[in-house]
Amino acid sequence: METFSLKLRKIGNSKGIVIPLRYLKTLESDNDMIQVEADENGILLKSNQPKPRRGWDKAFKKMAKNNDDKLLIPDVFKDENFDQWK
């Protein structure tokens, strides 16, 4: 993690910052939107792009707990020939 200072600029009745491009690229956003999380400790900027497979680990654990993780189709078929892989 890197710490640096940015100058606050007046934008109408508000204030804003200009974020250097090299830091904006780390947000991996394909559009003009980013997520902003603000709390008593500060402000955190995050990518607005959905993360593929986010939450899958929890969903799989829940499925296993509920015995809902059975295969829908067999992983080996009766007519499958494994000799070709020798």
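Odds and ends about this structure:
- Relative contact order computed over the chain (Cα-Cα under 8 Å; 6+ residues apart), in percent: 14 percent
- The packing ranking of peptides 73-81, 47-55, highest mean first, is 47-55, 73-81, where packing means the average number of other beta carbon atoms within 10 angstrom of each residue.
- For P(r) over Cα pairs in 5 Å bins from 0, in percent, the value calculated from this model appears in (i) 3, 8, 11, 13, 12, 8, 8, 8, 6, 7, 6, 4, 3, 2, 1; (ii) 3, 13, 16, 15, 12, 11, 9, 7, 6, 4, 3, 1, 0, 0; (iii) 3, 15, 28, 29, 16, 6, 3, 0 under label (i).
- Computed extension length for residue 45-residue 28: 5.0 nm, one decimal, from 0.36 nm per residue of separation with the Cα-Cα distance subtracted.
- With a simple spin-label model that places each label point 7 Å from the Cα along the Cα-to-Cβ direction, the separation between residue 81 and residue 56 comes to 3.3 nm.
- Rounded to 10°, Cα long-axis angle of helix 56-65 versus longest principal axis of the chain: 40 degrees
Read-outs throughout are calculated quantities, based only on the coordinates presented, and are distinct from any laboratory measurement. Because the structure is a prediction, the values reported are computed rather than measured. In this analysis, Cβ positions are derived from the backbone assuming ideal geometry, glycine residues included, and neighbour counts consider all displayed protein chains.
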